[in-house]
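To keep things clear, I will list the structure first and then write my remarks on it.
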Amino acid sequence: MAINWYPGHMATARKAAAESMRKIDLVIEVLDARIPHSSCNPMFEALRRQGQRPALKLLNKADFADPEHTRRWLQHYNSQPDVKALSLCAKRPREVQRISRLCQAMLPGRGTPGRPLRMMILGIPNVGKSTLMNALLKRHVAPVGDEPAITKSQMLHSLGTGMTLMDTPGMLWPGMTQYVSYKLAATHGIGRAAYEDEDVAVHLAGYLVRQYPALLTRRFGLLAANCDSHGLLAAIAQVRGLVKRAGGLDIARAATTLLNEFRSGALGPISLETVEQIAASLA
Ligand code: G4P
């Protein structure tokens, strides 16, 4: 299955982000802590590196991610030049309040009315950028929603004296690999219209059976280690009594159940990629 998700406004937004990159001092990149690598838009990263702008990488939705893998991802990013990384839950204002101080510490010469610290916030759709902006600015500036691509144009906000924050729309990129697109679909970075739940759930099930069998057992009361991905969906349908009207297990509903329970955090803290897996896949 090819997920093809590149709405026209994203091309315009990319051009705007490239122009804005020249006018800012620091990039705040919001990533999904469950998939830090796959939720990093390579177009943004290339623009940032070309422009030699430092980045604060925020691993958001850390409340959903496996804390041990999040710790490894933070180590990984914090060892890169011109990069600082922080994990957080944007829904917790106290965690968000650490961000301004960290940004100022990254560029100590800036942050006064005469030499303002100009920042741009970037992130793929639905990663929690609006939630974060609202908490950072302590007022409602961006609509929060579970459907990707709600913010559609750039906006400049003042973040106290000597700091500005440019908001940008959530953007994906053309030509992403199928492996990345499944992870984005599972974490809801890609709109529902672009894929079939069952297709994405089969991939998610395969990963969970290999990496998190104990969480599956706890949630569904079945021996997940003995299943393959299709077998897991069938077992979920069985356990939850999901049966089609015409008879037979309702695998489509089992797929939606697995996706919903993963996305809501009901399965437990789960990361869909590790530093080591990504390093091996890029080697
Ligand atoms: P976006 O601007 O990047 O598109 O994302 P947005 O802030 O609209 O957030 C998308 C969804 O993710 C929202 O859920 C939001 O509440 C949730 N969210 C954002 N950050 C976090 C986080 O750190 N942890 C968790 N658990 N959720 C987060 P929603 O279902 O639309 O709304 P709600 O019912 O959660 O309020």
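Look at the range 103-113 and say how many of its residues are in contact (Cβ under 8 Å) with a residue 40 or more places away in the chain and either loosely packed, with under 15 Cβ neighbours inside 10 Å or assigned to a loop (DSSP other than H, G, I, E, B) (or both).
Summing the residues that are in contact (Cβ under 8 Å) with a residue 40 or more places away in the chain and either loosely packed, with under 15 Cβ neighbours inside 10 Å or assigned to a loop (DSSP other than H, G, I, E, B) (or both) in the range 103-113 gives 5.
Restricting attention to the range 249-270, which residues are more than 12 Å from residue 188 (Cα to Cα), assigned to a helix (DSSP H, G or I) and of a type in the set (D, E, K, R)?
Across the range 249-270, the qualifying residues are 253, 261.
Do we find a residue being under 26 Å from residue 175 (Cα atoms), in contact with a His (Cβ under 8 Å, 6 or more places away or on another chain) and within 12 Å of the ligand (Cβ to nearest atom) anywhere in the range 29-36?
Scanning the range 29-36, I find no residue that is under 26 Å from residue 175 (Cα atoms), in contact with a His (Cβ under 8 Å, 6 or more places away or on another chain) and within 12 Å of the ligand (Cβ to nearest atom), so the answer is no.
Every residue in the range 49-98 that is among the charged types (D, E, K, R), in a loop (DSSP other than H, G, I, E, B) and farther than 13 Å from residue 271 by Cα, please.
53, 82, 91, 92
Among the residues of the range 48-68, write down those that are buried (at least 21 other Cβ atoms within 10 Å of the Cβ) and either more than 16 Å from the ligand (Cβ to nearest atom) or of a type in the set (Lys, Arg) (or both).
Selection gives 48, 55, 57, 61.
For the range 76-89, which residues satisfy the criterion of being away from the ligand (no atom under 16 Å from the Cβ) and either touching a residue at least 12 places away in the same chain (Cβ under 8 Å) or outside the structural domain of residue 45 (by TED's automatic domain parsing) (or both)?
Those that are away from the ligand (no atom under 16 Å from the Cβ) and either touching a residue at least 12 places away in the same chain (Cβ under 8 Å) or outside the structural domain of residue 45 (by TED's automatic domain parsing) (or both): 76, 77, 82, 83, 84.
Residue-by-condition table, conditions (1) modelled with pLDDT of 90 or more; (2) surrounded by fewer than 21 Cβ atoms within 10 Å (Cβ to Cβ):
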position	(1), (2)
152	no, yes
165	yes, no
171	no, no
181	yes, no
185	yes, no
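Are there any pairs, at least 6 apart or on different chains, whose C-beta atoms fall under 8 Å, with the first in the range 53-66 and touching a residue at least 40 places away in the same chain (Cβ under 8 Å) and on the phi > 0 side of the Ramachandran plot and the second crowded, with 24+ Cβ neighbours inside 10 Å and acidic (Asp, Glu), and if so, which?
Every condition considered, the pairs that remain are 61/32.
Of these, 139, 118, 92, which one is within 16 Å of the ligand (Cβ to nearest atom), modelled with pLDDT of 95 or more and of a type in the set (D, E, K, R)?
92
The values are calculated or read from the model by the stated rules, or taken from the named source; none is laboratory data. Because the structure is a prediction, the values reported are computed rather than measured. Methodologically, a virtual Cβ is constructed for each residue, glycine included, from the backbone with ideal geometry; neighbour enumeration extends over all protein chains shown.
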